[in-house]
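Mind having a look at this structure? Questions to follow.
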Amino acid sequence: MTTCQALIFDVDGTLAETERDGHRVAFNAAFRDCGLSWHWDEQRYGELLAVTGGKERIRHYAAHDAPAIAERPDFDALVGQLHKIKTAHYLRLVDRGQLPLRPGVARLINEARQAGLRLAIATTTTPENVDALLRANLGPDAPDWFDVIGAGDIVPAKKPAPDIYQWVLNRLALPASACLAIEDSEMGLKSALTAGLRCVVTISEYTRGQDFRGAERVLEGLVGCSLGEVVLHSSGGGGEQP
Ligand code: XBP
Ligand code: MG
């Protein structure tokens, strides 16, 4: 087995529970601001998470639930505007401290830094969201702790496509065998596995019950799980469920 040299973190659901009380709330606020009567309740939002990426999620919803709006000639512009407003709302929630990191995440990041492991991010969300989340929770220098931050539209095909992990691996200049991905969802796991990575899953609010076959380990979270346990027990074990 190649020694683990880098941890690559997903963001939404993995670093923090950002979906229900963060992204969802921000989408709904943007819909209101733009005079739309759309509202994504908690259950509907869970279903919509099958579509990764905020702009893609809005498009998918409109195509199915509001086709008259999706066919408007200015629909592309509307999606852009909605998403810009949504991001502003999301950033306000982060800045107000309403989206804390999941328990054990800060400790694992600190342990990894002390052990000399490199850190990276591979996420579907918008880069500003990642920057804000790291700064708000870990301090103003935290984004610099990550050698590579791969986020949002930097690759055209979002998870479950492997593109974002491949992009990050290229930038790290490391083979997949030297890295470990940490994810919370089936989509993210697929993306990491297809890029050739080993992947530990920490189940999140919206991902319980998903198919995590192929994961090195499936954990409830990172509480009580040391860096040694995350990395050393991830050497080709095969889908140990909690
Ligand atoms: C989570 C997502 C994101 C967010 C919304 O991906 O699918 O799209 O829900 O973010 P991951 P944007 O777990 O890979 O981070 O609106 O900024 O796209
Ligand atoms: Mg995720």
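The values are calculated or read from the model by the stated rules, or taken from the named source; none is laboratory data. Please read all numbers here as calculations on a predicted model, not as lab measurements. With ideal geometry, Cβ positions are generated from the backbone for all residues, glycine too; neighbour counts draw on all protein chains shown. With ligands, DNA and RNA removed, areas are computed over all heavy atoms of the protein, side chains included. Shrake-Rupley method; radii C 1.70, N 1.55, O 1.52, S 1.80 Å.
What value does the range 159-242 have for Rg/Rh, both radii from Cα atoms and Rh as Kirkwood defines it?
Rounded to two decimals, Rg/Rh equals 0.95.
Probe of 1.4 angstrom, ligands and nucleic acids ignored: what's the accessible area per residue over the range 38-134, in square angstrom?
48 Å²
Would you mind listing how long the range 19-95 runs along its three principal axes, going by Cα atoms, in whole Å with the largest first?
Projected onto the principal axes, the Cα atoms of the range 19-95 cover 35, 23, 21 Å.
Calculate what fraction, in whole %, of the accessible area of the range 19-95 sits on carbon and sulfur atoms when a 1.4 Å probe is rolled over the protein chains.
50 percent
Given the -39500 (n - 2.57) contribution per DSSP H run of 4+ residues, what per-residue ellipticity at 222 nm results for the chain, rounded to the nearest 500 deg cm²/dmol?
-12500 deg cm²/dmol
What helices does the chain hold that run 18 Å or longer along their axis, going by alpha-carbon atoms, with a Kyte-Doolittle average of 1.6 or more, using DSSP H for the helix calls?
Flagged H segments: there are none.
Starting from the Cα gyration tensor of the chain, multiply each eigenvalue by 5, take the square root, and state the resulting semi-axes largest first in whole Å.
They are 31, 18, 16 Å, listed largest first.
Is the C-alpha gyration tensor of the range 60-195 telling us rounded, prolate or oblate? Criteria: a/c under 1.5 is rounded; beyond that, a/b larger than b/c is prolate, otherwise oblate.
In terms of gyration-tensor shape, oblate.
Would you kindly state how much longer the chain becomes between residue 106 and residue 88 on full extension, computed as 0.36 nm times their sequence separation minus their alpha carbon distance, in nm to one decimal?
Computed gain between residue 106 and residue 88 is 4.0 nm.
³J(HN,Hα) across the range 8-23 via Karplus (A = 6.51, B = -1.76, C = 1.60, θ = phi - 60°), whole Hz, x for Gly/Pro?
10, 9, 6, 10, 5, x, 9, 6, 8, 7, 9, 6, 4, 9, x, 4
At a Förster radius of 41 Å, what calculated FRET efficiency corresponds to the Cβ-Cβ distance of residue 226 and residue 78, to the nearest 0.05?
0.30
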